[in-house]
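The values are calculated or read from the model by the stated rules, or taken from the named source; none is laboratory data. Values in this document were obtained by computation on a predicted structure and should not be read as measured data. Because the Cβ atoms are built from the backbone with ideal geometry, glycine has one as well, and the counts that use them run over all protein chains shown.
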Amino acid sequence: MVFSPLLSVPTELLLAVTEAIDDGASLRSFALTCKLARLLAEPVLYRAVLQPPTRAELVQALDLRPEYGRHADVEELTPLIGAMTQLRALSMESPFANYGLWGSSATRPRWEALMQGYRALFLNAHSGAGLQNLQSLTIHWSGDASPFWQLTEFKPILTLPALQRLTISCAVLGDDLADGLAAFAGTTPLTHLELVECFVLQEALAAVLALPRALRSCHLGTMRYHTSPSNNYDEASPEQQLEALRQQRHSLQQLTWFDKDFAHHTDVLRVSTVPGRGLYDFTELHTLTLDGASALLFSTLLSEWAPPNLDRLRIIRHDEGTVLDHLTDSVDYARIPGIPSPFALHQYLPKLHHLDLVLSPEDGWNTEPLWAKPDRRDLVKRLGEEYHARGICLAIFTANRGSTYPPYLSGEEVPCEEPAYRAENAWFCSCCLE
């Protein structure tokens, strides 16, 4: 027998070397050399898998996101997930997620079998079998002939004992979802909740947001790009969403807020009356992202009910409007323009240090930057100077979304924000000066 000097190295060092190898073929070759190498390599080799594993109990991360239209046999893998007792992260996506192509006679039986397997998986998890250590769950599903699926049918997802991060898209949160959830209020370890293109009803949202002991990050992405799943529902209004969110005011640190009604308007043409105490009691909130020109949230930020410790405000615009065309001293701020005045932000947000403006126009719209002309660049510089004088750094980014929109599925390109201007040194990227 040939002796390898490598095996004389202390086991702890061998384990550290093995964990640093990210090449699957090399790990498999090493595992086949001897019994010791197999014991060291298998836990790393099976930690994250894309195909059905032979050692299910070693899997810690599982990615079930087949490419669009591929006939990946994910139905065969579903029963094995319950045996993955060390599973920490799970990503799931229907082969036709959010495209509504399951309605044909050829594909519908497969869709029904897939969803039945998923229901059994989470029901079993609720009774203590499998998924007890799951910490992160991402689901991009669809219905059989619709882009939407009913979260009520998978309610045990919301009360998994170790789940800290939950991201779901195109789900309907109907009021029947609230049944039975009150018993779990304030008990789950969930710290990050992301709802993408979801259809949300008031009672259901209130019940879901009552579950975490201390939610730290929330992405309220109600339906913007999809057609309503039913005309029989009244989706929760922005005021009702804010009221539901108040249950986490003691812990929430980051909030992303979608506004579907004013997402494509240059200026918000109405001012909402801020309900209750607005965001004033959200003392831990330090980062707020407004994806769309929300009348309610702008009204809150420019009032005595603004969050007292907000450090960063991000405003994402999807229109082709010229929100920087108006001189700051001539704008009628009662109309809540797309970007607040330096004085208004400084007055109500005394701890604000960063204002990020992200311009992400719709595909096919005029994408000429607002500062393409010299006079506009001068206006941007003036605005940046006024913010800087009040301790707020203005930064402008561009993000080309192309033809994709949320939720971004397997293989789709996620928009990347490119810096265009920073007020701290009056810097413009070279493309802005062409």
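Before moving on, here are some points about what is shown:
- Flag for ALA162 being without any contact (Cβ under 8 Å) to a residue 60 or more places away in the chain, among the hydrophobic types (A, V, I, L, M, F, W, C), within 17 Å of LEU90 (Cα to Cα) and surrounded by fewer than 23 Cβ atoms within 10 Å (Cβ to Cβ): yes
- Condition check for PHE154: in the same structural domain as PRO406 (by TED's automatic domain parsing) and without any contact (Cβ under 8 Å) to a residue 40 or more places away in the chain: yes
- Out of SER146, SER136, SER127, sole residue that is of a type in the set (S, T, N, Q), more than 17 Å from TYR225 (Cα to Cα) and over 17 Å from the mean Cα position of the chain (by Cα): SER127
Per-residue answers, yes or no, for (1) at pLDDT below 75; (2) crowded, with 20+ Cβ neighbours inside 10 Å; (3) of a type outside the set (Asp, Glu); (4) touching a helix residue (DSSP H, G or I) at 6+ places or on another chain (Cβ under 7 Å):
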{"residue": "VAL208", "(1), (2), (3), (4)": "no, yes, yes, yes"}
{"residue": "SER217", "(1), (2), (3), (4)": "no, no, yes, no"}
{"residue": "GLN241", "(1), (2), (3), (4)": "no, yes, yes, yes"}
{"residue": "LEU255", "(1), (2), (3), (4)": "no, yes, yes, no"}
{"residue": "TYR280", "(1), (2), (3), (4)": "no, no, yes, no"}
{"residue": "ASP291", "(1), (2), (3), (4)": "no, yes, no, no"}
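- Some residue of the range 117-134 being surrounded by fewer than 17 Cβ atoms within 10 Å (Cβ to Cβ) and touching an Asp or Glu at 6+ places or on another chain (Cβ under 9 Å): yes
- Sub-9 Å Cβ pairs linking a first residue in the range 402-415 that is closer than 17 Å to THR222 by Cα to a second residue that is of a type in the set (Lys, Arg) and surrounded by fewer than 17 Cβ atoms within 10 Å (Cβ to Cβ), at least 6 apart or interchain, number zero.
- Meets criteria (surrounded by fewer than 23 Cβ atoms within 10 Å (Cβ to Cβ) and within 20 Å of LEU255 (Cα to Cα)) for PRO212: no
- Single residue of THR187, THR191 found to be crowded, with 16+ Cβ neighbours inside 10 Å, in contact with a Lys or Arg (Cβ under 7 Å, 6 or more places away or on another chain) and farther than 23 Å from ARG110 by Cβ: THR191
- One residue stands out among those in the range 155-205 that are within 15 Å of the chain's Cα centre (by Cα) and among the polar types (S, T, N, Q): the one that is modelled with the lowest pLDDT, which is SER169.
- Residue list for the range 399-434, restricted to those being under 30 Å from TYR387 (Cα atoms), at pLDDT below 75 and within 29 Å of the chain's Cα centre (by Cα): ARG401, CYS429
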